[in-house]
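Enquirer: One structure follows; several queries about it will come next.
The values are calculated or read from the model by the stated rules, or taken from the named source; none is laboratory data. This is a predicted model, so every value here is computed, not measured. Positions of Cβ are generated from backbone atoms using ideal geometry, with glycine treated the same way; all protein chains shown enter the neighbour counts. Surface areas here come from the heavy atoms of the whole protein model, side chains and all, with no ligands, DNA or RNA. Shrake-Rupley method; radii C 1.70, N 1.55, O 1.52, S 1.80 Å.
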Amino acid sequence: MDLRSIILFAFFLVSTVQGLMFELQPNGRKCLREEVQKDVLVTGEYEVSEVPGQRTDVKVTDIKGHTLVSHEDKSKGKFAFTTDDYEVYEICFLSKVPPNLRGQKHEVEVTIKMGLEAKNYETLGEAARLKPLEVELKRLEDLSEAIVQDFAYMRQREEEMRDTNESTNSRVLYFSVFSMLCLVALATWQVLYLRRFFKAKKLIE
């Protein structure tokens, strides 16, 4: 694998774009779940088809139940947040229909960007008055930092998995030794018991 392939592979690891379309049933709830690493910028843009009399809410929460984004009665909008820890995040769309109306389904279109794809380098370049080449260098710098962080995370996970495997192997070994000792003790007890039994019946001396 050449250097270019490695860079492209790493780029897909550290940046993600998801564009989805789905139907939201009346008084229904649809959630998108994604595992995101720590300190990653996540942005989203959504558009929900409008139905007279109905409303849709958008809420983003983490696995602990903390609300990061809350948009009520909005058919179109954007959101952004930076993750505090590596965990699962939920982006939920909720349809609410008044009791006196017959509900209709919504069509939802959402685009989620994570990592480098979530950053708008053109805006950053204009704000900092950077030249196009400097903006591209900034993008490459962020990409290299993200690659280093991602490989460091992968290395940490590999070490955790190795420690778990070693711990499991040790426990299996101890359990096997304990089982063998129990079997030997049980076999010895059976021999002694049978010997006493046969002596009591005067079958052996």
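Enquirer: What are the pairs, 6+ residues apart or on separate chains, where a residue within the stretch 85-97 that is assigned to a loop (DSSP other than H, G, I, E, B) has its Cβ under 6 Å from a residue that is at pLDDT 85 or above and not small (Gly, Ala, Ser)?
Expert: Val97/Pro26; Val97/Asn27; Val97/Gln54
Enquirer: Please specify each residue of the stretch 51-78 satisfying the condition of being free of Cβ contacts under 8 Å to residues at least 40 places away in the same chain and not in a strand (DSSP E or B).
Expert: Pro52, Ile63, Lys64, Gly65, His66, Glu72, Asp73, Lys74, Ser75
Enquirer: Mind listing just one residue for me: the one in the stretch 110-122 that is open to solvent by less than 60 Å² (accessible area, probe 1.4 Å) and part of a strand (DSSP E or B) and, of those, farthest from Glu23 (Cα to Cα)?
Expert: Per the stated criteria, the residue is Gly115.
Enquirer: Of all residues in the stretch 98-109, which are outside any loop (DSSP other than H, G, I, E, B) and open to solvent by 10 Å² or more (accessible area, probe 1.4 Å)?
Expert: Glu107, Glu109
Enquirer: Suppose the filter is under 17 Å from Leu41 (Cβ atoms) and open to solvent by 20 Å² or more (accessible area, probe 1.4 Å); does Arg157 pass it?
Expert: no
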